[in-house]
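Below: the structure, in structure tokens.
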Amino acid sequence: MRVISGSARRLPLKTPEGMDTRPTQDRIKETLFNMLQSDIPGCRFLDLFAGSGAIGIEALSRGASEAVFMENNPKAAAVIRDNLHSTRLEENARVLQGDLFSLLPAEACRSEVYDIIFMDPPYRHDYEKKVLELLQDSSLADSYTLIIVEASLDTPFDYLEDLGYDLVREKKYKTNKHVFIRKRS
């Protein structure tokens, strides 16, 4: 795995050992960032269930002004810190290690709105719905914030309207998909 483009282009990234994380494949990451290319420069980026940090690091490499990484697994959080150090992108990054459902409310108390929120939660646990419920009334996201969920192909998002969100776009791949969501204004 590597950084695809930007200031850290081609630099390798470590991944946490074991099966607890599922890194986004380089070609899917490249497709995602091609869709986001005009939104990344200068943006505030929040990477939830960050794993190796590859998505947030790609955003920083491509010009995001800040990236915050939230990861529960201490070993994965250490890998994110190592990857930020080896790509020399740690100056504009924060790594928050702990339970995301505790970290998000705390972050809302001390941070401003994010431009892009990306999440790649473990599949088939409904974590994406729980996060969207937390963000529903949170100051971390507004109607301009683009929320992107990486999910299995069979993950339903039929509840979005009830939570006050609009489905902006859906991009399907062989085994998973990216769902692009915004709060309804």
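The values are calculated or read from the model by the stated rules, or taken from the named source; none is laboratory data. Bear in mind that the values here come from a model prediction, so they are computed numbers and not experimental data. Note that each Cβ is placed from the backbone with ideal geometry, even for glycine, and that neighbours are counted across all protein chains shown. When the accessible area is computed, the model is the full protein with side chains, heavy atoms only, and any ligands, DNA or RNA have been set aside. Shrake-Rupley method; radii C 1.70, N 1.55, O 1.52, S 1.80 Å.
Numbers at a glance
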item	result
Unmet requirement for Ala141, which otherwise passes all of (1) out of contact with any helix residue (DSSP H, G or I) (no Cβ under 6 Å at 6 or more places or on another chain); (2) within 20 Å of Asp39 (Cβ to Cβ); (3) open to solvent by less than 50 Å² (accessible area, probe 1.4 Å)	(1)
Leu134 vs. criteria part of a loop (DSSP other than H, G, I, E, B), under 25 Å from Ala67 (Cβ atoms), open to solvent by less than 70 Å² (accessible area, probe 1.4 Å) and among the hydrophobic types (A, V, I, L, M, F, W, C)	no
Residue within region 41-54 that is open to solvent by 10 Å² or more (accessible area, probe 1.4 Å) and among the acidic types (Asp, Glu) present	no
Close pairs from region 94-107: first closer than 7 Å to Met70 by Cα, partner of a type in the set (Phe, Trp, Tyr) and assigned to a helix (DSSP H, G or I), Cβ under 9 Å, at least 6 apart	Leu100/Tyr127
Matching residues in region 69-107 - criterion: being of a type in the set (Val, Ile, Thr), farther than 13 Å from Leu46 by Cβ and under 17 Å from the mean Cα position of the chain (by Cα)	Val79, Ile80
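Conditions (1) in a loop (DSSP other than H, G, I, E, B); (2) open to solvent by 60 Å² or more (accessible area, probe 1.4 Å), marked per residue:
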| site | (1), (2) |
| --- | --- |
| Ile80 | no, no |
| Arg88 | yes, yes |
| Leu96 | no, no |
| Tyr123 | yes, no |
| Ala151 | no, no |
| Thr155 | yes, no |
| Glu161 | no, yes |
| Arg169 | no, yes |
| Ile181 | no, no |
